[in-house]
Every structure is written in C-alpha cells, then in structure tokens.
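Reviewing the structure listed below.
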Amino acid sequence: MWKVLKDSVAGTSHRHTGAPCQDSSEARSTWPQAEEVLILACADGAGSADFSQLGSALACERFVALACEQLQAGVSMADLDEATLLGWFREVHEALLREAQRREIVPRQLACTLLVAVVGEHSAVFAQVGDGVIVIREDDEYRAVFWPQSGEYVNTTHFVTDASFEDAFQCERRGRVDEVSLLTDGLQMLALNFGAKTVHRPFFAPMFELLRQTSAHEELIVPFRQFLDSPSVNARTDDDKTLILATRLYSDASPTSR
C-alpha cells in the first residue's frame with residue numbers, strides 16, 4: 001500500500017492574468033497478478049497554448065487509464081521495457097491529436113509535457129518527455145531519474161504533442177523503489193541544484209518524513225496546498241506548480257524496514 005499526496009496550484013503570474021492552472025496530475029493503484037502497482041503521471045501545459053490545461057489533464061488521464069488496462073490484461077512489470085512505454089506514450093500522443101481534431105484546433109494548442117512512474121513491488125519504470133523531474137529515494141539519498149529536458153531555445157522544452165516527441169522520449173527501469181516524487185518545472189528551482197545537477201535534499205526530506213509519520217495523511221492536504229501557494233515558494237517561482245509525493249506503507253514501521 002502507498003500514501004500519496006498530490007496537488008496542482010496556479011502560479012501567481014497566471015492568477016494575475018486570469019489564466020487557469022495548466023498543470024495536471026493523476027495517481028492510481030491497481031492489483032494485477034496479486035501485485036500492487038502504483039501509477040503516477042503529471043503534466044505541465046505550455047503557457048503559450050490556449051487549451052494546454054485540457055491537454056495536460058487528458059495526457060495524465062489517458063496514460064494512467066491505459067497503464068491500468070494493460071496491467072489488468074496481463075502485462076507484467078517485467079514486460080515494461082522502453083518499447084512498451086514508448087507505445088503507451090504514442091497512444092497518449094494520438095489521443096491528443098484526436099482531441100485537437102474534435103475541437104478543430106491545431107495539436108499545439110494542447111501542448112504539454114508528460115512524466116510518469118509505474119512502481120511495482122520489486123521494480124519500477126519511469127518515462128518522461130519535457131521538463132519537470134522525477135525524484136526517487138535510493139540508499140537514503142534523493143536522486144533525479146532524468147535531468148529536466150530543455151528545448152532548442154531558452155525557456156523552451158519538448159511536448160508529447162510534438163510530431164517529433166519520440167526524439168525526446170526517455171525511459172529507465174530501476175529496482176525496488178519505496179519513495180517517489182514527480183513535479184513540474186514550476187518547482188525545479190526549489191527542488192534541484194542546477195549547478196551540481198543534484199536533488200536538493202532539504203526540499204524533499206522533511207515532506208517525506210511528515211508523510212511517513214502522519215497516520216491519516218489526508219490531514220496533510222490543506223497544509224500541503226498552503227505550502228505550494230506560500231509566499232516563500234511564490235517568491236521563487238510565479239509558474240504553475242504540481243507536486244506528487246508517494247511513500248510505501250510498511251507493516252513494520254522501524255527505520256531499518258525503509
């Protein structure tokens with residue numbers, strides 16, 4: 001079992017202009033073949049795209065639904081290689097193209113990044129197109145699975161709606177993972193040390209510790225949102241912010257079991 005805490009908060013720049021929050025996230029557990037699998041997704045809609053909040057929501061919903069369908073149909077964690085995850089991203093890409101056609105808009109108006117995690121009992125698979133970062137805890141250290149992607153120009157990145165999105169697709173398998181976080185680029189400057197290309201441990205460690213220690217983690221929902229929208233955070237970023245935190249529950253809560 002897992003404790004999951006997640007939220008998306010509009011950036012101050014969006015609130016000043018009346019623009020909606022263009023970030024989205026999804027989290028769902030499924031139990032195929034007697035193994036619990038946690039599926040996480042987050043997406044950041046392009047600020048210059050008129051309907052990117054719809055694109056980011058659709059990308060997350062479609063990926064999580066597709067992963068659940070495939071796992072329930074017999075696909076195992078061992079089957080989840082780069083080709084399989086790329087196939088799922090292709091289906092998300094096609095779903096976005098169909099939505100653009102239905103709305104009679106160009107796909108670029110739904111542009112969004114996509115970061116995903118599929119975490120089983122003994123292994124985990126991660127994939128990403130665009131900026132934002134996936135962070136996992138390994139040997140009591142927090143590490144980025146991939147470094148955030150940048151586009152050809154300053155302040156640009158890659159989107160899953162791009163015709164060439166496969167060129168930016170990244171996928172990696174890891175062993176057992178007990179803590180994972182996904183976040184959009186609105187929090188990158190707080191969560192990462194760009195000079196050293198490392199994860200900023202003081203950003204993650206207190207939040208994960210609180211999530212581990214709080215029995216009714218639903219109590220954290222309000223303070224979690226207040227933190228994401230706090231003056232100290234908003235002073236560092238005016239962008240939309242999405243943060244997912246997931247920690248595995250243990251029957252033995254001793255530190256040696258983590």
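The values are calculated or read from the model by the stated rules, or taken from the named source; none is laboratory data. Owing to the predicted nature of the structure, the values given are computational and were not obtained by experimental measurement. Heads up, the Cβs are rebuilt from the backbone with ideal geometry, glycines too, and the neighbour counts pull from every protein chain shown. SASA here: full protein model, heavy atoms, side chains in, ligands and nucleic acids out. Shrake-Rupley method; radii C 1.70, N 1.55, O 1.52, S 1.80 Å.
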(request) Mind listing just one residue for me: the one in segment 125-152 that is out of contact with any helix residue (DSSP H, G or I) (no Cβ under 8 Å at 6 or more places or on another chain) and modelled with pLDDT of 95 or more and, of those, nearest to residue 163 (Cα to Cα)? (result) 128
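Per-residue answers, yes or no, for (1) surrounded by fewer than 20 Cβ atoms within 10 Å (Cβ to Cβ); (2) out of contact with any strand residue (DSSP E or B) (no Cβ under 7 Å at 6 or more places or on another chain); (3) at pLDDT below 95:
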site	(1), (2), (3)
18	yes, yes, yes
31	yes, yes, yes
40	no, no, no
47	yes, yes, yes
50	yes, yes, yes
82	yes, no, no
87	yes, yes, no
90	yes, yes, no
(request) Taking residue 83 as the residue in question, decide whether it is under 26 Å from residue 219 (Cα atoms), assigned to a helix (DSSP H, G or I) and free of Cβ contacts under 8 Å to residues at least 40 places away in the same chain. (result) no
(message) Restricting to segment 55-76, count the residues that are open to solvent by 10 Å² or more (accessible area, probe 1.4 Å), modelled with pLDDT of 95 or more and within 20 Å of residue 173 (Cβ to Cβ).
(response) 2
(request) Taking only segment 97-129 into account, find how many residues are crowded, with 24+ Cβ neighbours inside 10 Å and not in a strand (DSSP E or B). (result) 3
(message) Six or more apart or on different chains, Cβ atoms under 8 Å: show the pairs whose first residue is in segment 172-183 and farther than 14 Å from residue 246 by Cβ and part of a loop (DSSP other than H, G, I, E, B) and whose second is open to solvent by 10 Å² or more (accessible area, probe 1.4 Å) and not small (Gly, Ala, Ser).
(response) 175/122
(message) Here's a check for you: in segment 11-45, which residue that is small (Gly, Ala, Ser) and outside any strand (DSSP E or B) is nearest to residue 63 (Cα to Cα)?
(response) 34
